[in-house]
Every structure is written in structure tokens, then in C-alpha cells.
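Engineer: Got a structure for you, written out below as C-alpha cells; questions coming shortly.
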Amino acid sequence: MLNPETLKEMILILTNTHAGEGALSCDECYEEIDHFAEISLVGMSAAEAMPLVQDHLDKCPDCREEYEALMTALKFMEQEKPTD
Amino acid sequence: MRLKLARGLHYALAGRAPDSLLESLEEDVAQEAVLKILASLDTFRGESQFMTWATKIAVRLAFTELRRKRWQDVSLEGLLKVEEEQDYTPAILADKTPTPEQLAERTIMLEAVEKMIVESLSDRQRQAIMAVLTGGAPMDEVARQLGTNRNALYKLLHDARLRLQKRLAAEGLSPKDLLALFSEK
């Protein structure tokens, strides 16, 4: 069942797991992710501004994947905006 | 708005699935997203721009659909099986300086941790952790297989990790030591 690679991955995840008060659920992260994305888009540190969201993204591959896709979409849409 | 969302999705999903699948998916999801957005307008809090919020909704819908399609033929048991069938012995042996002692230690440790997983976690927790970690299945999919939802699954995984942490600590095993044992030196 376990192989060295899996074990390594698991240990790494455990290292970053904390009995967090206030750990976000996927839904809660989803609620905030557009705000989080916009902070990143203007070049500020979203991780600092919204650490709980960052924490969830670190641990949740699905939410992280969606966040990255959202950023990609937003960046392109930004480029497509007519310049004044 | 539908067109704008479809275009946004086009960028967001690029390369994540065959083009043929994506084309129809983008259209369908954009349409669905518009409906969802209209239905949820009262939840828009204005903390981000409207199109950002709208794109978020479209992206979530798109991924839910993509994952469902990709994994619909894979069973939970199938996910767990893939892991067993792969031969990882080369990885252990590929190490530059594997002493027989190190090999023995690693084998012992792997078995010990496996035992801890079986003992400390409920069946459900064990299945969930293994499926997400080793099968690489998305949470949506594992949740569906386990008959639950993504939020509950996330909590399940979180609790499972905490239990494992405690157990490792109780056995006097630090994550650092374990990693050191398995890293190539």
C-alpha cells in the first residue's frame, strides 16, 4: 500500500498540518478566492493578506488547481481589456 | 457575459483536456454559469470586481464537470489498486548509497507507518487519505465515491492528518527523521 514516495509526500503534508482554529473548508475558501485572486493580480501578497486562504490552498489540490485556473483566466482577460 | 466567460474559461482550461472536449464544455459551462450567476446575484458582496466573481463561478463549474467526466469510470478500489501494482523497488535501489542497513530500516519504517495508518485511522479516513494522496484523484471525485461532499471530505482528511501526526509523535518519530531516512544521500 505504501511506497517511499507516498510516505514522503504524506510526511510533508503532516509537517504542514496544524490543529488550526479557523482552518477553512473548501466552501469558505471558495467564498474568498475571488478577493484573494484580485490581491494577487495587483501584485500584492495575498498570502499575507489572507493567510487562511493560502493555508487551505497549500493543502487542497482541488482548490489550488481552480485558483490557478482562475488566475490564468483573469490575467488574459486583463490583457484583453481596451486600453484607455 | 456568456461570451466573455467562455473566453475566460478557454484560457483557464487550456491544455487540461483534449480540445474537442473543451470546446463544447466551455460553451455549456458558460451558459450554466450565467444561470448560476443570475441566481446568486444577491450573494455578490462586491469584495472583488463582478467579472472576477463571475469567472470564479464559471471556473468552479468547469472543473466540477471536467473531473466528473475524467474520473467517472474509475472506482475507489481502482484508485487504490494502481498504487499497489506499481513497482517502486527501483526507487529504493536507485539511491546512491543504499546500505543494507538503510534498506532494512526503510522497509521496517514503511511497514510501521502502514500499521499506524491502519490502527489510527478509521477505514473511511484511510481510504480517503490514500485515494487523494496516491490515486491523485480530485477531492470532488473521492467525495463522490465515498458518498459525501468535498467539505466533509476536507474535514475528514484534516482530522486524519491530525491523528497521524499525534500517532507519529507518540511513537517518538519526527517527520524530519522520517524524511531524512528516505531521502537520497
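The values are calculated or read from the model by the stated rules, or taken from the named source; none is laboratory data. Predicted, not measured: the structure shown is a model, and the values here were computed from it. Cβ placement follows ideal geometry from the backbone for every residue including glycine, while neighbour counts extend to all protein chains displayed.
Engineer: Which one is surrounded by the fewest Cβ atoms within 10 Å (Cβ to Cβ) among residues in segment A:1-53 that are under 16 Å from A:R64 (Cα atoms) and modelled with pLDDT under 90?
Structural biologist: Restricting to residues being under 16 Å from A:R64 (Cα atoms) and modelled with pLDDT under 90, the top hit is A:N16.
Engineer: Sort out which residues of segment B:14-30 are within 12 Å of B:K69 (Cβ to Cβ) and in contact with a helix residue (DSSP H, G or I) (Cβ under 9 Å, 6 or more places away or on another chain), and write them in order of number.
Structural biologist: Residues satisfying the conditions are B:R16, B:A17, B:L21, B:L22, B:L25, B:D28, B:V29.
Engineer: Suppose the filter is β-branched (V, I, T), facing chain B (nearest Cβ under 9 Å) and closer than 30 Å to B:A104 by Cβ; does A:I33 pass it?
Structural biologist: Values: β-branched (V, I, T): yes; facing chain B (nearest Cβ under 9 Å): yes; closer than 30 Å to B:A104 by Cβ: no.
It is false that A:I33 is β-branched (V, I, T), facing chain B (nearest Cβ under 9 Å) and closer than 30 Å to B:A104 by Cβ.
Engineer: Within the bounds of segment B:42-61, is there any residue that is of a type in the set (K, R), closer than 21 Å to B:R144 by Cα and under 20 Å from the mean Cα position of the chain (by Cα)?
Structural biologist: Yes, that holds for at least one residue.
Engineer: Tell me which of these B:S20 doesn't satisfy, since it passes every other one: (1) polar (S, T, N, Q); (2) more than 22 Å from B:M139 (Cβ to Cβ); (3) modelled with pLDDT of 90 or more.
Structural biologist: Every condition holds for B:S20 apart from (3).
Engineer: Given the conditions (1) at pLDDT 90 or above; (2) in contact with a Phe, Trp or Tyr (Cβ under 9 Å, 6 or more places away or on another chain); (3) over 21 Å from A:E80 (Cα atoms), which single one is not true for B:F50?
Structural biologist: (3)
Engineer: Determine whether A:P82 is modelled with pLDDT under 90 and more than 7 Å from chain B (Cβ to nearest Cβ).
Structural biologist: On the way: modelled with pLDDT under 90: yes; more than 7 Å from chain B (Cβ to nearest Cβ): yes.
Yes.
Engineer: Scan segment B:153-167 residue by residue and report those that are crowded, with 19+ Cβ neighbours inside 10 Å and either of a type in the set (K, R) or more than 7 Å from chain A (Cβ to nearest Cβ) (or both).
Structural biologist: B:L153, B:L156, B:L157, B:A160, B:R161
Engineer: With respect to A:L2, is the statement that it is among the hydrophobic types (A, V, I, L, M, F, W, C), outside any helix (DSSP H, G or I), within 9 Å of chain B (Cβ to nearest Cβ) and free of Cβ contacts under 8 Å to residues at least 24 places away in the same chain true? Can you show your working first?
Structural biologist: Details: among the hydrophobic types (A, V, I, L, M, F, W, C): yes; outside any helix (DSSP H, G or I): yes; within 9 Å of chain B (Cβ to nearest Cβ): yes; free of Cβ contacts under 8 Å to residues at least 24 places away in the same chain: yes.
Criteria met by A:L2.
Engineer: Any residue in segment B:101-129 that is within 16 Å of B:S174 (Cα to Cα) sitting within a Cβ distance under 7 Å of a residue that is of a type in the set (K, R)? List the pairs, counting only those 6 or more apart or interchain.
Structural biologist: Sorted first by the residue in segment B:101-129, then by its partner, the pairs are B:M116/B:R167; B:I117/B:R126.
Engineer: Can you tell me which residue in segment B:103-125 is farthest from the chain's Cα centre (by Cα), limited to those that are among the small types (G, A, S) and closer than 26 Å to B:T148 by Cβ? Reasoning before the result, please.
Structural biologist: Going through segment B:103-125, the residues among the small types (G, A, S) turn out to be B:104, B:112, B:120, B:122.
Within this subset, residues satisfying the condition of being closer than 26 Å to B:T148 by Cβ are B:120, B:122.
On the way: B:S120: 21, B:S122: 19 Å.
Within segment B:103-125, the match that is farthest from the chain's Cα centre (by Cα) is B:S120.
Engineer: List the number of the failed condition for B:S75; all other conditions in (1) in contact (Cβ under 8 Å) with a residue 40 or more places away in the chain; (2) under 30 Å from B:A128 (Cβ atoms); (3) surrounded by 12 or more Cβ atoms within 10 Å (Cβ to Cβ) hold.
Structural biologist: Tallying (1) in contact (Cβ under 8 Å) with a residue 40 or more places away in the chain; (2) under 30 Å from B:A128 (Cβ atoms); (3) surrounded by 12 or more Cβ atoms within 10 Å (Cβ to Cβ), B:S75 fails exactly one: (3).
Engineer: From the list A:L57, A:L74, pick out the single residue that is facing another protein chain (nearest Cβ under 7 Å) and either touching an Asp or Glu at 6+ places or on another chain (Cβ under 6 Å) or buried (at least 19 other Cβ atoms within 10 Å of the Cβ) (or both). Before you say what the answer is, go through the steps one by one.
Structural biologist: Values: A:L57 fails: facing another protein chain (nearest Cβ under 7 Å).
None of the other options fit; the residue is A:L74.
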